[in-house]
Structure formats: structure tokens, C-alpha cells
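> Quick one: this structure, given as C-alpha cells, is what I'll be asking you about.
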Amino acid sequence: MKTDVTLKIAGAAGQGIQTIGDLLSEVCHQSGLFIFSVDDFESRVRGGHNFNLLRISDKELAAPGNRLDILVCINENAYDLHKEELRSGGIAIVNAEKPGTRNKTRFEIPLKKLAEEAGNKITANTVAAGAVLAILGTPFTLLADVLKNRFAAKGEKIATLNVAAAKKGFDAAKDLSRNTGFTWEAKKSHNIVLSGAQAAALGALAADCRFFPFYPMSPATGVISNVIPYTEKLCVVVEQAEDEIAAVMMAIGASFAGVRAMTATSGGGFCLMTEGLGLAAMTETPLVIVNAQRPGPATGLPTRTGQADLLFSIHASQDEFPRFVFAPGTPVETYETMKRAFHLAEKYQVPAIVLLDQFLANSRVTEKNSLTVAPDIERFYEQNNSGNDDTPYLRYALAQDGVSPQRLPCSGPGLVRVTGNEHDPEGHISENAANKIAMTQKRAAKLPAMIKEMDPPLLVNPTARVLLVGWGSTRGNILEAVERLGDQSMEIGAVLFKDLWPMDRKAIGKVLDNKQLIMVEQNESSQLGRLLAQEAGIVSFDTILKYDGRPFFPDYIVQKAKELVK
Amino acid sequence: MITSKEFNCNYENKWCPGCGNFQILAAMKNAFAQQQIPPEKLTLISGIGQAGKTPHFLKCNMFHGLHGRALPLATGTKIANNDLTVVVNCGDGDCYGEGGNHFLAAIRRNIDMTLLVHNNQIYGLTKGQASPTSSLGMVTKLQNSGTPSSQFSALVIALAAGAGFVARGLSAESGHLTELIVKAMNYKGFALVDILQPCVSFNKINTLSWYKERAYKLADTDHDPRDLAKAFNLAQEWEKSLPLGVLYEAAGTPFHERVPNLKANALASHNYDSKLLTDVLLQNL
Ligand SMILES: Cc1ncc(C[n+]2csc(CCOP(=O)(O)OP(=O)(O)O)c2C)c(N)n1
Ligand code: SF4
Ligand SMILES: [Mg+2]
């Protein structure tokens with residue numbers, strides 16, 4: 001019995017594609033099912049072509065679905081574009097002016113007309129959700145309960161209207177109902193549905209981040225907008241800066257004053273922030289930046305996904321300095337990574353960059369709810385701020401491990417002096433050659449301990465001769481591909497990086513030694529492959545690369561891997 | 001009793017002898033002493049340039065940042081901890097050129113801090129290129145046929161952007177400048193003091209005598225600083241006369257009173273509250 005269903009809801013921007021997807025997701029979640037929901041949209045507010053790709057299963061899902069069981073077309077164009085993606089036995093629900101074709105593969109349904117019958121044409125999306133759930137064999141009460149809950153705040157009239165609309169759609173499609181193998185019943189689950197953007201916001205808040213200066217840029221805006229609902233109950237401030245340079249400077253200024261702060265942006269904004277990265281490094285001020293990647297130099301493809309900022313993030317800003325670069329693979333991991341990023345940035349007084357991408361930021365995924373808030377939070381500022389002319393506080397004391405004690409301005413007689421110029425231990429400008437060497441070495445001395453903080457990559461069948469190697473959001477796709485290849489008796493393992501920089505060269509070199517490596521990345525030049533060649537001494541690797549701005553699917557990796565395995 | 005000597009520090013000064021910056025530094029120390037703010041309660045934030053170096057030359061907490069970026073740095077610091085007394089030192093190139101967008105945004109935010117612009121109408125530290133406030137046609141080594149852009153009038157722009165405190169000082173009028181700095185620091189909101197500052201090494205046109213010949217004090221006139229229209233007119237005086245003093249002052253609502261979460265207490269003052277975070281973040285997921 002099949003318990004893994006994929007549907008696509010497609011139409012123009014502004015037609016409520018996401019509303020339908022969200023409703024269906026919510027009903028599934030309330031029934032204890034797992035979803036993997038991906039939005040595909042253009043950089044426009046009305047028109048064009050958008051879709052929501054929703055995969056539903058009774059088991060945890062690592063990746064989006066591909067072949068469609070149900071295609072919901074809000075316009076005829078959507079049908080033409082996607083009909084080939086239907087698997088045999090799949091059905092297309094097509095919005096029409098009036099009832100029309102109605103067979104096992106194409107079902108025309110007048111959404112607007114039914115909505116009007118229910119009381120208002122604006123409920124057309126609810127009609128569509130009703131029809132889909134009827135086909136999936138969902139009892140109507142589950143949908144009715146979700147609707148009542150969702151529209152409770154808007155008053156009973158609106159709630160009743162939507163339930164009536166849902167019923168219209170449900171009844172119209174009832175006889176097309178199929179057995180999907182799901183057990184449909186309201187269940188309290190220990191799972192959560194989160195997007196990467198939402199998880200990043202929650203993780204930052206859980207890390208006691210209180211200030212979020214930012215400049216809007218897809219797909220990073222979602223990280224900050226997910227903070228907004230909490231600004232009422234938590235004492236945090238979101239400030240839209242005049243540009244990304246200001247955003248990063250504000251975060252640094254706040255951090256200097258002892259308040260955890262972060263900013264989020266995408267590649268273009270991250271370009272502007274690079275001088276801030278250097279300033280944080282030189283002044284040794286903790287800083288957390290989320291770079292939610294999108295493809296292309298310059299403006300590129302604003303609403304699409306990619307992974308081409310890895311090497312840029314590791315090297316951004318002039319000269320050399322230690323930094324952390326992380327790339328979580330799932331929303332829950334994003335939450336944990338954000339907490340660690342704040343902790344480690346402060347512990348080592350360095351910048352920490354968290355790489356997301358559009359796919360991870362916007363996809364909503366069901367995972368086990370393992371989110372926690374720490375009972376206490378470790379802060380690294382020295383409380384006792386003494387100091388006088390004879391024994392001044394030395395902000396940049398030449399500590400063995402490179403980490404000089406950090407104090408807050410105006411917290412005592414010790415004067416806190418920081419500067420982006422090269423400086424002496426007291427924080428005054430210094431052009432002394434020996435001092436320059438000492439300070440460079442002091443900053444670099446943090447690296448051994450920073451490397452020890454890094455989690456090793458996730459290893460799957462590490463003894464296999466062939467390893468798929470990836471980082472960040474491609475994790476789930478690679479995991480599923482490895483599983484499917486295993487089902488086809490191919491012995492393939494995976495090495496999946498979450499903590500990218502700094503890198504434990506030796507440990508990683510050992511894992512990769514003597515294997516056929518296939519890099520699976522969303523960029524054109526295999527940036528992780530090149531990094532591993534540089535750091536871990538790997539000599540050659542094969543690649544499965546995708547840089548069309550769209551996410552991977554397990555099928556694609558399976559097919560390509562089969563061609564490559566020697 | 002805090003005297004201005006309290007702010008002396010023995011870090012070697014790096015300005016040219018005769019530079020107007022020395023008098024600005026003296027006026028700052030006097031202003032802080034007059035208000036009885038000890039060095040440890042003072043946070044100076046600066047950009048890059050000769051002006052940007054100022055915080056190194058006195059006792060204070062300081063963040064000497066990047067060229068053009070002092071204002072957003074200071075903004076972040078004040079949003080984090082509004083209890084800090086923040087004074088910003090910038091050059092004219094620093095603040096009106098590289099940081100021009102931040103200048104406009106800072107005025108609009110109205111963060112409660114004081115901006116001192118050491119306006120020498122030249123790029124001092126980089127050895128004498130034209131700045132936004134250089135007069136049209138000013139010849140420099142780089143602009144050897146005269147700077148082709150017309151002069152940026154910071155005071156006019158500040159007024160137009162809605163600044164609530166706009167003043168002009170002259171470095172050589174150190175007592176007057178001290179008064180202006182004190183007034184600016186007491187203003188509840190963003191206060192701009194544009195300080196005419198002779199650069200003896202590179203600006204051979206706008207010299208101390210050039211300024212002195214034209215400068216007059218608004219306090220000696222019947223100017224009412226609440227009169228915005230008049231302030232606009234004064235801000236446009238340049239070639240023939242240079243008004244010194246407070247051109248415009250009007251009460252406004254500072255940033256921390258506009259933002260709900262900053263109204264009561266400084267962000268930095270709250271304790272980490274695990275229970276609250278758990279309830280708010282995790283309970284309704
Ligand atoms: C991003 C950046 N660009 C350029 C410089 C070089 N630079 C240093 S100071 C300065 C201009 C100084 O002029 P001004 O801001 O008027 O300050 P002054 O030295 O006159 O006080 C420039 C261009 C720099 N440090 N950083
Ligand atoms: S170059 Fe000009 S502004 Fe700089 S210190 Fe010398 S005189 Fe002063
Ligand atoms: Mg200057």
C-alpha cells in the first residue's frame with residue numbers, strides 16, 4: 001500500500017497557491033503525517049507561474065516529491081506545464097468555468113462557481129483544498145476542524161463560510177476518492193512543521209539574540225519576518241537598516257555593547273557586508289550573519305535556490321582571519337546551528353556565517369520536535385571591569401589561545417578601546433611591525449580550538465567504496481538517493497557536511513581517502529570539492545551538479561550516480 | 001569634581017601641528033568635564049580619517065570603526081544600550097561622502113546621540129583630495145582642474161531631512177564650541193554639530209583667517225532657533241558670511257521612545273529568561 005503521495009498546486013502568483021498548500025499541510029500535520037512542502041515562485045507579485053509541491057507520508061521525509069499523484073491546476077496553463085509530471089494513475093484537478101471532463105485522469109471543477117454557491121468567490125482556494133482532501137480519502141471533519149481553528153480569529157461567519165466552501169469542493173470530488181493507505185485521524189504528534197527561515201529566527205531568539213538589523217532581500221527576509229510575531233512578548237528589536245552595510249554595522253555596534261545581534265541577507269547583500277565581516281574580525285566583536293543563498297552573481301534569480309556562496313563565505317573580506325561557516329541541512333538543524341553560531345561567535349570573538357538557501361529557507365518540513373531552550377546561557381564578557389592609568393584594561397591582551405578577555409564599555413573604570421586599525425593590546429592604533437605579527441598570530445591562535453568545536457560530517461555507510469559528498473540543504477536529497485541506490489543493491493555511502501569552516505583537514509582526509517567521491521552540489525564548479533582538494537588533499541572527484549536555480553530531487557541524484565559509479 | 005585634565009591620555013597624538021582638530025579635542029574635553037561625565041561613562045564612536053582618530057587622543061570607551069560607518073555602528077550601540085552616552089566623531093568625507101546614506105538615515109531615526117563632524121572641506125588623512133564640502137572648482141592635486149561637483153551643504157540637508165538639532169561651530173572658537181557640544185549632548189535626539197576646522201596641511205583656501213573673516217555668532221543676533229524657515233536661510237549663507245551657533249532646535253521624539261521595546265529599559269539590561277523563551281518560542285509550535 002502506498003503511503004507516500006506527492007501533489008502539486010500550480011497557477012499564477014496571487015491565485016492563492018500557497019493558501020491551498022498550507023491548508024493541506026495543516027490537515028496532514030493534524031493527522032500525524034509528515035510533509036515536505038516546497039514553493040516555486042517567480043520574482044513577481046501577480047501573474048506568472050507558481051507552484052507548491054507537497055509530499056505527504058506516514059514516515060519522516062528527507063526530500064521533496066517528484067512524480068505527481070495529484071496535480072491541482074488553478075489555470076489551464078498549469079495543466080499544460082505540468083501534466084507530464086503525473087505518474088500513471090495520477091489525476092489532474094483543473095479549475096474550469098463550469099463542470100466538464102470528469103474521469104480518472106482529469107477532473108474539471110468550477111472552483112469559483114462552487115465558492116459563489118458557498119457564499120463568496122474568495123473561498124475558491126478552500127473549495128480546492130476540499131476537493132483534494134476528498135480524493136485523498138480524508139474525512140471531512142478533519143478539514144472542517146482545521147478551518148474553524150484557522151479562521152477563528154476572523155469571526156464565526158468567515159469560519160462557517162470556509163467550511164461550507166470546503167464541503168462544496170469535497171462533495172464534488174468525493175466519488176474520485178482513492179485509498180492512499182493513510183490512517184486519517186486527528187492525532188497529537190510530537191512533530192513540528194518548520195521552514196528553515198522560521199527555524200533560524202527561533203534559534204536566534206533562543207540564543208538570546210535581541211537585535212535584528214536587516215535590509216530586505218529574498219530569500220533572507222523570511223528569517224527576519226519570522227521574528228516579528230515574537231516582538232510583542234519578547235524584548236527584541238527588528239530594525240530595517242538603510243542598506244546592508246548599515247545592517248551589519250548595527251549588529252556589530254550592538255554586540256560591542258553586549259547585546260546579541262544578527263543580520264540576515266542573501267549574496268548581494270552579503271557582498272555589501274564584507275567590510276563589516278572584516279571589522280568584526282579585526283575588532284574581535286562577535287557577529288552572526290545568515291546568508292540565505294540564491295543563484296547568480298548580481299541580482300541573479302531572486303526567488304530561486306543555489307549553493308554557490310561557499311567559497312565566498314569562507315574568504316569574504318580582505319586579508320585573513322578566523323571565522324565559522326555553517327550550513328545546516330534541515331529546519332531543526334538550522335535552529336540548533338543558530339544557537340551554536342551565537343555561542344561560538346561570542347566564545348571566540350569571531351564572525352559566524354550561517355549559510356541557508358532558498359530551498360531550505362522556504363521549504364516546510366515535518367521533523368521530530370527536539371527544540372529546546374537552554375536553562376542558562378553562557379556569556380563570555382568579563383564582569384569585573386577594573387583598570388587605571390598604570391594597569392589599563394587590555395582589550396587585546398596577547399592571550400595564548402588568542403581569546404583576550406572582552407568587557408563592555410562603561411561597565412567599570414577599565415576603558416574599552418576597539419579599532420579596525422591594527423592595534424596594540426590596549427586598543428590603540430599601532431603600526432609597529434612586531435605588534436602586527438603578534439596580533440595576526442593572536443587572532444590565528446584561535447583556530448585549533450575552533451576546529452575542535454566543529455562537528456564532523458554525517459557519515460552514511462562510510463565503508464562503501466563510493467561516497468556522495470554534499471553540504472547544507474542537499475542533505476535530505478542525498479540521504480534518500482543513497483537509500484534508493486541501496487535498495488537497488490548499489491553500495492554507496494554519503495558524507496554530509498553541516499560544519500564547514502574551519503576544517504579538520506586530517507580527520508576529513510581520512511574519511512575521504514581511497515574512495516570514489518561524487519560531489520553533489522548546487523553550483524557549477526563543485527566548490528566543496530575544490531575546498532576538500534585544497535584542505536584534505538583529495539586528488540579527483542566526480543560531480544553531480546545542478547545550477548538551474550531549482551532544488552535537487554532524489555531521482556536525479558540516483559540516475560546520475562548510476563552513470564558515474566565505476 | 002571632573003576637570004578636563006581627567007581626559008588627557010598619553011597616547012601619542014598624530015595630527016599636524018596647528019591642525020584645528022586640537023581645539024575640537026579641547027572643546028570636547030571641556031564639554032564632558034562641564035557635564036561631569038567621567039571617561040568611563042563615555043562612549044565615543046568614530047569613522048576613519050583624521051577626525052576618526054579623535055577618540056584615541058582622550059580617555060574614553062571607544063569604537064574606532066570604518067570609513068563612513070560610524071553612524072550605523074553608533075546606532076547599533078545605542079539600540080543595544082540606550083543608557084550609554086554616545087558621541088560620534090566623523091570627517092566631512094567620512095560622514096557626508098562615504099557615509100552619506102547613513103547620515104540621512106541617522107537623522108530620520110533620531111537616535112539620542114551627538115554627531116561632531118570635523119569639517120575641513122578636504123580629505124585630510126589621504127592627503128588632500130576634494131571632499132563633498134569642498135567648494136566648487138577647488139583645485140587639489142587630484143582635482144587639478146578644480147573639483148567639478150558643487151558643494152554639499154550638510155546643514156541644509158540636515159534641516160531638510162528633519163533634524164531636530166542643527167548647529168555649526170568653528171574649531172578656533174573653542175569656548176563657543178564647548179557650549180555647542182554641551183547643548184547637543186543635552187538635546188534629546190540626534191544632534192548635529194558641523195565644525196569648521198582648518199586643515200593647515202591641505203586646505204589652503206578655507207584657512208582659519210578665511211573662516212574668521214566670515215564667521216559671526218548667532219547668539220549676537222535675534223535668531224530664534226525654533227524658526228525653521230530662518231534656519232534654512234542661515235544654512236545657505238556661505239561665501240560672504242558664516243553663522244556659528246544653534247541654527248535650529250526643536251523637540252522631537254527620540255528613537256527609543258518610538259520603538260515599543262526600547263521605551264522602558266535598555267535592551268542590554270534584561271536578563272536571559274529561559275522560562276519566558278520556552279513559553280513564547282516553543283509552546284505554540
Ligand atoms: C572604505 C575606505 N575607503 C577609503 C579609505 C581611505 N580613506 C581614509 S580617510 C579618507 C578620507 C578622509 O577625509 P575625511 O573623512 O574628510 O576626514 P579627515 O581626514 O579630513 O578628517 C579616505 C578616503 C578607507 N580607509 N576606507
Ligand atoms: S592633514 Fe589636515 S586635518 Fe589632518 S591632521 Fe594635518 S592639518 Fe589636521
Ligand atoms: Mg575632512
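> Set the bar at 24 Å for Cα to Cα. Now go through A:Lys121/A:Lys167; A:Lys148/A:Lys188; A:Lys83/A:Lys368; A:Lys187/A:Lys339; A:Lys98/A:Lys167; A:Lys154/B:Lys263 and name every pair that lies beyond it.
Cα-Cα > 24 Å for A:Lys83/A:Lys368; A:Lys187/A:Lys339; A:Lys154/B:Lys263; rest within.
> Also, quick follow-up: Please work out how much length the chain gains when fully extended from B:Trp238 to B:Val200, using 0.36 nm per residue of separation minus the C-alpha to C-alpha distance, in nm with one decimal.
The B:Trp238-B:Val200 span can extend by a further 11.7 nm.
> Counting partner chain Cβ atoms within 10 Å of every residue's Cβ in B:100-107, what's the average?
Shielding by partners across B:100-107 averages 3.
> On average, how much accessible surface per residue is there in the protein assembly as shown, in Å², for a 1.4 Å probe, leaving out ligands, DNA and RNA?
Solvent-accessible surface per residue comes out at 39 Å².
> Still on this structure, please answer the following. Report, to the nearest whole %, how much of the accessible area of segment A:1-97 belongs to carbon and sulfur atoms, 1.4 Å probe, protein only.
Taking all protein chains in place, segment A:1-97 shows 46 percent carbon and sulfur surface.
> For segment A:214-318, run through the trypsin sites (Lys or Arg not before Pro) and keep only the ones in DSSP coil with at most 14 other Cβ atoms within 10 Å of their Cβ.
A:Lys233
> Computed on protein heavy atoms with a 1.4 Å probe, what is the summed buried accessible area for the chain pair A and B, in Å² to the nearest 100?
Answer for the A-B pair: about 4600 Å² buried.
> Compare the peptides A:201-208, B:235-242 by average per-residue count of other Cβ atoms within 10 angstrom and give them in order, highest first.
Highest-to-lowest ranking by the protection proxy: A:201-208, B:235-242.
> Now for a different question. Explain nothing, just the number: relative contact order of segment B:129-285, from Cα pairs under 8 Å at least 6 residues apart, as a whole percent.
Worked out over segment B:129-285, it gives 21 percent.
> Would you mind calculating the relative contact order of segment A:454-565 from Cα pairs under 8 angstrom and at least 6 residues apart, reporting the percent as a whole number?
This gives 31 percent for segment A:454-565.
> Hey, another quick one. Are there GluC sites (Glu not before Pro) in segment A:269-332 that DSSP marks as loop and that have at most 13 other Cβ atoms within 10 Å, and which are they?
Sites meeting the loop and neighbour criteria: A:Glu320.
> Shifting gears a bit: Any idea what the dipole of chain B comes to, in debye rounded to 20, about its Cα centre with Lys/Arg Cβ at +1 and Asp/Glu Cβ at -1?
Value, rounded to 20: 400 debye.
> Once neighbouring chains are kept in place and the probe is 1.4 Å, which whole percent of the accessible area of segment A:194-368 is contributed by carbon and sulfur?
Looking at segment A:194-368 in its full context, I get 55 percent from C and S.
> As an exercise, find the ratio Rg/Rh for segment A:194-368 from alpha-carbon atoms, using the Kirkwood inverse-distance average for Rh.
0.93
> Could I ask something else about it? Measure off 7 Å from each Cα along the Cα-to-Cβ vector at B:Glu257 and A:Lys562, then give the distance between these two points in nanometres to one decimal.
According to this spin-label approximation, the distance is 7.2 nm.
> Using 7 Å Cα-to-Cβ label points, what is the A:Thr231/B:Leu136 separation (nm, one decimal)?
Modelled inter-label distance: 4.3 nm.
> Can you pull the one-decimal nm distance between simple spin-label points at A:Ala507 and B:Asn10, each 7 Å off the Cα toward Cβ?
Placing both labels 7 Å along Cα→Cβ, they lie 4.8 nm apart.
> Given a 1.4 Å probe, show me the residues in segment B:265-285 buried by at least 50 Å² of accessible surface when comparing the whole protein assembly to the chain alone.
By number: B:Leu267, B:Tyr272, B:Leu277, B:Val280, B:Leu281, B:Leu282, B:Leu285.
> Within 10 Å of each Cβ in B:85-91, how many Cβ atoms from other chains are there, averaged over the peptide?
1
> Please give the peptides B:197-209, A:18-30, A:465-477 ranked by average Cβ packing (other Cβ atoms within 10 Å per residue), highest first, as a rough proxy for protection.
A:465-477, A:18-30, B:197-209
> Using a/c under 1.5 as the rounded threshold, could you call segment B:1-87 rounded, prolate or oblate? The axes a ≥ b ≥ c are square roots of the C-alpha gyration tensor eigenvalues, and prolate needs a/b larger than b/c, oblate otherwise.
oblate
> Continuing with the same structure: Can you tally the net charge around A:Asn191? Count Lys and Arg as +1, Asp and Glu as -1, for every other residue whose Cβ sits under 9 Å from the Cβ of A:Asn191.
Local charge sum for A:Asn191: -1.
> Please list the non-local residues whose amide H lies under 5 Å from the amide H of B:Val139, H modeled 1.01 Å from N, same-chain partners needing a gap of 5 or more.
So B:Val139 has HN proximity to B:Thr147.
> Residues of A:406-413, mean number of Cβ from any other protein chain within 10 Å of their own Cβ, rounded to a whole number?
5
> Could you give P(r) for segment B:207-285, binned at 5 Å from zero, as whole percent values over all Cα-Cα pairs?
Going from the shortest bin to the longest, the percentages are 3, 12, 13, 11, 9, 8, 7, 7, 6, 6, 6, 6, 4, 2, 0.
> Enumerate the lysines that A:Lys546 could reach by cross-link, defined here as Cα to Cα under 17 Å, with residues fewer than 8 away along the same chain left out.
A:Lys560, A:Lys562
> Taking one equal scatterer on every alpha-carbon of segment B:117-159, how large is log10 of I(q)/I(0) by Debye at q = 0.16 1/Å?
-0.39
> Heads up, I need the accessible area for A:Tyr547: 1.4 angstrom probe, whole protein in place, Å², nearest 10.
140
> So what is the relative contact order for chain B, in percent, with contacts set as C-alpha pairs under 8 Å and at least six apart?
18
> With heavy atoms of protein chains only and a 1.4 Å probe, what residues of segment B:34-72 have at least 40 Å² less accessible area in the full set of chains than alone?
The answer is B:Glu40, B:His56, B:Lys59, B:Asn61, B:Met62, B:Phe63, B:His64, B:Leu66, B:Arg69, B:Pro72.
> Compare B:Leu58, B:Leu170, B:Leu116 in a GNM of chain B, Cα atoms joined below 10 Å, and give the one with the largest fluctuation.
B:Leu58
> Tell me, Kirkwood radius of segment A:1-117 from alpha-carbon pair distances, in Å?
It is 14.6 Å.
> What accessible surface, in Å², does a 1.4 Å probe find on A:Arg87, ignoring ligands, DNA and RNA and rounding to the nearest 10?
About 90 Å², rounded to the nearest 10.
> Any idea how far the Cα center of segment A:413-491 sits from the one of segment A:328-370, in Å?
14
> Now a separate question. How about segment A:375-459: which GluC sites (Glu not before Pro) there lie in a loop by DSSP and see at most 13 other Cβ atoms within 10 Å?
Here the GluC sites (Glu not before Pro) that fit, given the DSSP loop and packing criteria, are A:Glu378, A:Glu431.
> In whole Å, what is the distance between the alpha-carbon centres of segment A:170-222 and segment A:91-113?
For segment A:170-222 versus segment A:91-113, the Cα centre distance is 29 Å.
> May I pose another question? Taking the Cα centre of chain A as the origin, how large is its charge dipole in debye, to the nearest 20, when only Lys and Arg (+1) and Asp and Glu (-1) carry charge on their Cβ atoms?
Around 1680 debye, computed over chain A.
> Give me the log10 of I(q) over I(0) for chain B at q = 0.10, 0.15 Å⁻¹, as the Debye formula computes it from C-alpha points; what are the numbers?
These q points yield log10 I(q)/I(0) values of -0.52, -1.11.
> Could I ask something else about it? Only residues of segment B:55-79 count here: report those whose backbone N is under 14 Å from the spot 7 Å along Cα→Cβ of B:Asp273, or say none.
none
> Still on this structure, I have one more. Set the Förster distance to 60 Å, then compute FRET efficiency between A:Lys112 and A:Ala298 from the Cβ-Cβ distance, nearest 0.05.
0.90
> If eta is 0.692 mPa s and T is 37 °C, what Stokes-Einstein diffusion coefficient results for segment A:90-173, Kirkwood Rh from Cα pairs, in µm²/s?
Once the numbers are plugged in, D ends up at 261 µm²/s.
> Rank B:Asn265, B:Asn186, B:Asn110 by mean-square fluctuation in a GNM of chain B with C-alpha springs under 10 angstrom and give only the top-ranked residue.
The residue with the greatest mean-square fluctuation here is B:Asn265.
> To the nearest 10 square angstrom, how much accessible area does A:Tyr215 have with a 1.4 angstrom probe?
80
> Reported to two decimal places, what Rg/Rh ratio describes segment A:454-565 when computed on Cα atoms with Rh from the Kirkwood expression?
A ratio of 0.93.
> Please report, as a whole percent, how much of the solvent-accessible surface of segment B:177-216 comes from carbon and sulfur atoms (probe radius 1.4 Å).
Carbon and sulfur: 56 percent of the exposed surface of segment B:177-216.
> Could you list the square roots of 5 times each eigenvalue of the Cα gyration tensor of the protein assembly as shown, that is, the equivalent ellipsoid semi-axes, sorted largest first and rounded to whole Å?
Three semi-axes, in Å: 56, 32, 24.
> Let me ask something additional. In degrees between 0 and 90, to the nearest 10, how far off the longest principal axis of chain A does helix A:196-206 point, with axes built from Cα atoms?
The angle comes out at about 50 degrees.
The values are calculated or read from the model by the stated rules, or taken from the named source; none is laboratory data. Keep in mind the model is a prediction, meaning the values are calculated, not measured. When we count neighbours, we look across all protein chains shown, and the Cβ atoms used for this are built from the backbone with ideal geometry, even at glycine. With ligands, DNA and RNA removed, areas are computed over all heavy atoms of the protein, side chains included. Shrake-Rupley method; radii C 1.70, N 1.55, O 1.52, S 1.80 Å.
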